[in-house]
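J.: Quick one: structure below, then a few questions.
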Amino acid sequence: MCLTAAEREAVLTYDEVSNIYHIFCSSGKEQTRMKRAGFVPYKTDAEGNTYYKVERKQISFRAKSKPRHLTDEQRLKRSERFKQMHQKNQNAQGEIL
């Protein structure tokens, strides 16, 4: 059965007694991410949904990164520094070849 984007989901439920996250996942994209992270499903149903039990220490939540607000002067300094590094790398690669 093919689910629409609105129907695909990953649900995390935390059990404080056992210190375990129970994860239900019907999204192929998220299943791939969990596989890459080393999570092994303990159950996969006929529809392809996967179920995981993961220790709390394996799950982390990060704050959303803040955009950098640079002045024109700071932006110019970084640009010049990048150009110098790039030129230095170009020269070093030319010597290797």
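None of the figures in this text is laboratory data; all of them are computed from the coordinates on show. Nothing here was measured: the structure is a model prediction, and the numbers come from that model. Note: ideal-geometry Cβ built from the backbone for every residue, glycine included; neighbour counts use all protein chains shown.
J.: Let me check I've understood the local charge: for C2, count other residues with C-beta under 12 angstrom from its C-beta, Lys and Arg +1, Asp and Glu -1. What total comes out?
T.: Values: positive: R8; negative: E7, E47.
Net charge around C2: -1.
J.: Arranged by the count of other C-beta atoms within 10 angstrom, fewest first, what order do S26, S18 take?
T.: Working: S26 18, S18 11.
Least to most surrounded, the residues fall as S18, S26.
J.: Based on DSSP H runs of at least 4 residues, each adding -39500 (n - 2.57), what is the mean residue ellipticity at 222 nm of the chain after dividing by all its residues, to the nearest 500 deg cm²/dmol? Before the final figure, lay out each step's value.
T.: Values: 2 runs with 34 residues, N = 97.
Calculated mean residue ellipticity at 222 nm is -12000 deg cm²/dmol.
J.: If Lys and Arg each add +1 and Asp and Glu each add -1, what is the summed charge of the other residues whose beta carbon sits under 14 Å from the beta carbon of G38? Present the calculation step by step, with values, prior to reporting the outcome.
T.: Working: positive: R33, K35, R36, K53, K57; negative: E55.
Here the charged neighbours net out to +4.
J.: If you take every residue apart from R78 with its C-beta less than 15 Å away from the C-beta of R78, what net charge results, scoring Lys and Arg +1 and Asp and Glu -1? Write out the running numbers ahead of the final one.
T.: Details: positive: R68, R75, K77, R81, K83; negative: D72, E73, E80.
The answer is +2.
J.: Let me ask something additional. With +1 assigned to the C-beta of every Lys and Arg and -1 to the C-beta of every Asp and Glu, and no other charges, what is the dipole magnitude of segment 10-58 about the Cα centre in debye, to the nearest 20? Working shown, then result.
T.: Details: 8 positive and 6 negative charges, 58 e Å.
Charge dipole of segment 10-58: 280 debye, to the nearest 20.
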